[in-house]
Number of protein chains: 2
Amino acid sequence: MERVVTEKDITIKDVAKHANVSVATVSRVLNGLDRVSESTRKRVLKVIDELNFVPNTMAASMVKKKTNMLSVVVPEIQNPFYTAVIGGTVEVAKKAGFFTLVVSTNGDEAEEAEFFESFLSKNVDGIILIGTHKEAEFYRTIRKPTVLVDRYINNSGLDGVMIDNYRGAYEATRHFLEYGHERIAIIDGAHDFNDGKDRYWGYQQAMVEFGVTPDPKYHKQGSWLEESGYRSTVELMQSEYPPTAIFAANNLICQGAIKAFRDLKLDIGEDISLIGFDENELAQFVQPRVTVVRRPTHEMGTQAAEMLIQKIKENDADQSNPKKVVLDVELMKRGSVKKLN
Amino acid sequence: MERVVTEKDITIKDVAKHANVSVATVSRVLNGLDRVSESTRKRVLKVIDELNFVPNTMAASMVKKKTNMLSVVVPEIQNPFYTAVIGGTVEVAKKAGFFTLVVSTNGDEAEEAEFFESFLSKNVDGIILIGTHKEAEFYRTIRKPTVLVDRYINNSGLDGVMIDNYRGAYEATRHFLEYGHERIAIIDGAHDFNDGKDRYWGYQQAMVEFGVTPDPKYHKQGSWLEESGYRSTVELMQSEYPPTAIFAANNLICQGAIKAFRDLKLDIGEDISLIGFDENELAQFVQPRVTVVRRPTHEMGTQAAEMLIQKIKENDADQSNPKKVVLDVELMKRGSVKKLN
């Protein structure tokens with residue numbers, strides 16, 4: 001924000017003037033209607049952003065129409081991480097007198113956008129969002145109190161509850177290194193969001209600090225799903241120089257790795273060392289149990305819901321000074337890392 | 001329904017007259033407001049039911065206001081069974097152009113009722129419901145197209161997609177008996193709904209058919225959660241005459257049993273035989289894998305969504321001839337049952 005403007009001075013006409021379009025066009029953009037070219041839409045949104053313009057109707061509806069509904073919007077609901085966040089949100093929302101609607105976007109940007117336009121903009125008081133959109137632009141058009149969870153989008157203007165992905169991955173990798181491992185592999189998925197990027201970065205930094213050059217053949221990048229973790233683990237273990245340790249960068253990849261070790265008849269903590277990111281059912285079941293980076297999943301939901309309800313009560317749609325809360329992670333040392341030194 | 005009436009002839013006045021109350025009272029009951037005594041409320045609902053009265057406003061809104069929203073209402077969302085049903089629903093709904101809102105009632109009747117009154121009656125076109133209410137009365141007041149899943153409530157007047165719980169439990173128990181087991185325990189939760197009742201009944205019937213009298217000390221009834229399955233298993237195995245076989249009547253109880261055997265250092269399929277109801281992560285992980293009664297969870301969701309969308313399209317709120325679909329279950333024989341004969 002380069003210049004300071006007083007929000008109440010700004011009208012839709014100012015936006016139209018600055019963007020060099022008609023008022024009708026601004027209105028179409030605001031209502032998410034099509035028949036506006038992508039370049040025009042971008043220009044209008046840029047002006048809205050620069051002027052920090054809040055549409056009257058929306059501001060008014062935000063003041064008047066209370067629905068006592070919150071929505072948690074997640075990419076999918078089968079991963080226990082998401083259901084834990086939802087559980088935390090529902091708990092806090094309920095106590096504060098809000099109902100919670102859960103929406104899965106199937107990781108589809110178009111679906112997410114349509115949902116915001118058709119439903120969420122009217123029917124809920126606020127939103128907890130684990131977003132699917134990668135660009136800040138989408139988030140800046142949200143005119144409801146919204147708190148991002150887990151995935152943070154820079155310049156989105158939104159509050160967020162995150163965890164320190166970098167530190168979690170760093171600690172895990174350092175633990176391997178301190179136990180004498182050097183052939184340390186990482187299995188992860190796409191680096192679409194901060195979480196994936198930061199986990200990879202944490203791994204890389206720990207390696208470099210210990211004077212070990214990360215070897216590209218020990219970075220297996222697939223999807224964030226179990227099947228991908230299974231396949232990558234098998235490939236790593238059947239390669240010419242298998243790693244002595246694997247960092248599985250999420251819960252499902254870790255479960256895939258554990259199943260692969262079962263099928264390859266490799267003993268965890270003996271034949272292969274393993275650390276997962278996020279608690280999971282199998283990590284807690286096998287013996288020895290698997291060391292994981294634990295994050296407060298339920299608390300991410302409660303914390304986000306508290307922040308959101310506060311915003312709703314204060315009728316705060318200010319996006320100029322977003323608040324980011326970063327919760328701590330913890331390396332739960334169990335028996336899955338063999339000491340080589 | 002004892003007498004045939006033409007719905008359009010019935011007005012709120014008729015209901016008031018038949019129930020011997022004021023029109024205002026009927027209206028209060030219809031809108032779920034309090035300050036109506038329980039006995040009056042029951043009387044009014046009975047008359048509404050007898051006359052097959054559909055309130056004008058609701059009938060009208062059902063015709064006119066399409067929201068293109070469905071809702072899946074479940075008791076909780078952490079159990080993979082529910083997320084599988086939700087997944088199936090979302091898949092079909094999406095193809096048909098509907099968004100799906102997921103609502104968890106936390107197994108709380110008051111919360112469920114409030115949700116129907118405050119939100120669902122207005123904002124969605126139809127509902128897939130795994131209900132928390134035990135009495136048919138609640139279901140008969142729902143004026144939106146609704147399909148019950150899993151738990152069927154007799155006299156609810158609603159369509160339903162169920163599975164054959166009786167047969168699943170019967171086949172599991174019979175498998176134990178055919179392999180020479182007689183000390184067969186069952187671990188289950190409350191018999192609040194048809195599923196729990198039918199599974200117990202299937203177990204009992206198979207025993208009786210094989211001339212084995214079910215022994216009450218082999219029936220451990222707790223909650224339907226993992227902790228309860230774990231505790232019951234430990235108690236059974238540490239009792240004076242431990243069973244040789246355990247039927248774990250849902251997925252979570254089965255996971256609890258598997259964890260208990262791990263901690264008791266008992267080999268499944270050797271020291272103890274086990275069959276679970278519903279697929280679960282641990283049953284597929286341990287070796288030998290655990291025999292389970294498998295039901296088409298995802299298909300329960302798709303089937304229910306198809307029925308619901310059909311009802312919405314036909315604008316069918318007729319509750320006089322509910323349609324029940326019972327899907328098949330399958331005993332997946334793996335290695336967890338020892339042959340004693």
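What follows draws every value from the coordinates through simple rules; no lab data is involved. Everything numeric here is computed off the predicted structure, so don't read it as measured data. Cβ: placed from backbone, ideal geometry, glycine included. Neighbour counts: every protein chain shown.
For chain B, take the convex hull of the Cα atoms, compute a quarter of its surface area, and give me that in nm², please.
Dividing the Cα hull surface by four gives the mean projection, 18.7 nm².
Do the sum for the protein assembly as shown: with -39,500 (n - 2.57) for every DSSP H run of n ≥ 4, divided by all residues, what is the mean residue ellipticity at 222 nm, to the nearest 500 deg cm²/dmol?
Mean residue ellipticity, 222 nm, calculated: -13000 deg cm²/dmol.
Suppose you put the label 7 Å out from Cα in the Cβ direction; list, shortest first and in nm with one decimal, how far B:R262 is from each other copy's label.
B:R262 label point versus its equivalents elsewhere: 1.0 nm.
Once the label point is placed 7 Å from Cα along Cβ, list for A:E50 the distances to the corresponding points in the other copies, in nm, shortest first.
7.3
Placing the label point 7 Å from Cα along the Cα-to-Cβ direction, what are the distances from B:V23 to the equivalent spots in the other copies, shortest first, in nm to one decimal?
Copy-to-copy label distances at B:V23, shortest first: 4.4 nm.
Could you pull out every residue, at least 5 positions away or on a different chain, whose amide H is within less than 5 Å of the one on B:I246? Hs are placed 1.01 Å off N in the peptide plane, and Pro or chain starts have none.
Counting only residues 5 or more places away or on other chains, the set is B:A185, B:S273, B:L274, B:I275.
Could you work out, residue by residue across A:102-109, how many beta carbons of other chains sit within 10 Å of that residue's beta carbon, and then give the average as an integer?
For peptide A:102-109, the averaged partner shielding equals 4.
Treat the count of other C-beta atoms within 10 Å as a stand-in for reagent exposure and order B:W201, B:W224 from fewest to most.
Ranked by crowding around the Cβ, least crowded first: B:W201, B:W224.
As a quick test, which of the pairs A:K197/A:K339; A:K134/A:K323; A:K197/A:K217 have an alpha carbon distance above 24 angstrom in this structure?
Too far apart for the 24 Å limit: A:K197/A:K339.
Just check region A:165-295 against the gyration tensor rule for me: Cα atoms, a ≥ b ≥ c as the square roots of the eigenvalues, rounded for a/c under 1.5, and otherwise prolate or oblate depending on whether a/b exceeds b/c.
Here region A:165-295 falls in the rounded category.
For region A:241-279 and region B:299-341, what is the separation of their Cα centres, given in Å?
Each part's Cα centre sits 37 Å from the other's.
For chain A, what's the relative contact order in percent, using C-alpha pairs closer than 8 Å and at least 6 residues apart?
18
Go through A:K66/A:K324; A:K13/A:K313; B:K66/B:K95 and tell me which ones have a Cα-Cα distance over 23 Å in this structure.
Beyond 23 Å between Cα atoms: A:K66/A:K324; A:K13/A:K313.
Enumerate by residue number the GluC sites (Glu not before Pro) in region B:247-333 meeting two conditions: DSSP loop (anything except H, G, I, E, B), and at most 10 other Cβ atoms within 10 Å of the site's Cβ.
Sites meeting the loop and neighbour criteria: B:E314.
Ordered by residue, what ³J(HN,Hα) values in Hz, to whole numbers, does region B:100-105 give under the Karplus form 6.51 cos²θ - 1.76 cosθ + 1.60, where θ = phi - 60° and Gly and Pro are x?
Result, ordered by residue: 10, 9, 9, 10, 9, 8 Hz.
Could you quote the convex hull projected area for region B:236-341, Cα atoms only and averaged over all directions, in nm²?
Answer in nm², one decimal: 9.4.
For B:S239, B:S37, what's the fewest-to-most ordering of other Cβ within 10 Å of each Cβ?
Ascending Cβ contact count within 10 Å gives the list B:S37, B:S239.
Over all alpha-carbon pairs in the protein assembly as shown, figure out the percentage whose distance exceeds 40 Å.
For the protein assembly as shown, the share of Cα pairs beyond 40 Å comes to 41 percent.
By counting other Cβ atoms within 10 Å of each Cβ, how are B:Y241, A:Y82 ranked from fewest to most?
B:Y241, A:Y82
Looking only at chain A, where both bridge partners belong to it, what percent of the DSSP beta bridges are antiparallel (to the nearest 5)?
Roughly 10 percent of the beta bridges in chain A run antiparallel, per DSSP.
Among DSSP bridges having both ends in region A:165-295, what percentage is antiparallel? Round to the nearest 5.
0
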